[in-house]
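What follows is one structure encoded as structure tokens, with my remarks underneath.
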Amino acid sequence: MLRQIKVQGFNSIRIPFSLEALESSTTSGIDFGGGRNAALQGKTPQQVMDIIIDEAGAQGLMVILDNHSLADDGFPEESLEEIQNLINAEDTDLFDVLEYVAFAKQPISRIERVMATRPELQQARAPNRLTSFTSCWIDTSHQVSTNSTPTNFRCCCS
């Protein structure tokens with residue numbers, strides 16, 4: 001499947017996981033019928049994840065690891081949202097709250113993060129249409145977040 005993803009022109013995959021699953025000794029939800037996924041049979045979830053990451057690298061795909069389920073690791077999302085409110089960080093991502101809890105790192109707003117990475121996005125070797133779309137989205141997001149009136153919503157679709 002990773003080869004198919006690469007052939008279709010994608011350059012990355014997202015792997016959702018939970019800490020509970022990684023600590024498990026057995027996997028579930030993998031189709032082994034007809035010899036499919038034989039290399040994964042009998043492996044722990046951590047081993048399966050390692051195999052997939054290694055193969056993605058061999059195919060030239062980047063991997064985004066997504067700790068998708070906070071509840072499984074004993075820290076419910078509601079608790080993070082309460083902390084988010086307590087530290088006046090409602091306009092940040094929950095990842096920022098985790099960094100605050102773990103490392104006392106001051107959260108930054110979503111728009112600050114976007115504006116900080118804007119030069120990287122603009123310098124990326126992306127097709128002109130994608131670069132135009134990204135710049136428009138950033139400008140529009142910034143205008144909305146600062147309560148100013150966006151000048152041109154149509155630029156994203158042109």
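Where a number appears in this text, it was derived from the coordinates with a stated rule and is not lab data. A quick note: this is a predicted structure, and the numbers were derived from the prediction, not measured. Positions of Cβ are backbone-derived with ideal geometry, glycine not excepted, and every protein chain shown enters the neighbour counts.
Given contacts defined as C-alpha pairs under 8 Å and at least six residues apart, what's the relative contact order of the stretch 2-74, whole-number percent? It rounds to 52 percent for the stretch 2-74. Residues whose amide H lies under 5 Å from that of residue 15, counting only those 5 or more places away or on a different chain, are 64, 65, 66; hydrogens are built 1.01 Å from N in the peptide plane.
Got a sec? How would 101, 48, 7 order by Cβ neighbour count within 10 Å, fewest to most?
Fewest to most other Cβ atoms nearby, the residues stand as 7, 101, 48.
The residues packed around residue 12, meaning those with a beta-carbon under 12 Å from its beta-carbon, carry a net charge of +1 if Lys and Arg are +1 and Asp and Glu are -1. Shape of the stretch 2-74 from the C-alpha gyration tensor: oblate (a/c of 1.5 or more and a/b not above b/c, with a ≥ b ≥ c the square roots of its eigenvalues).
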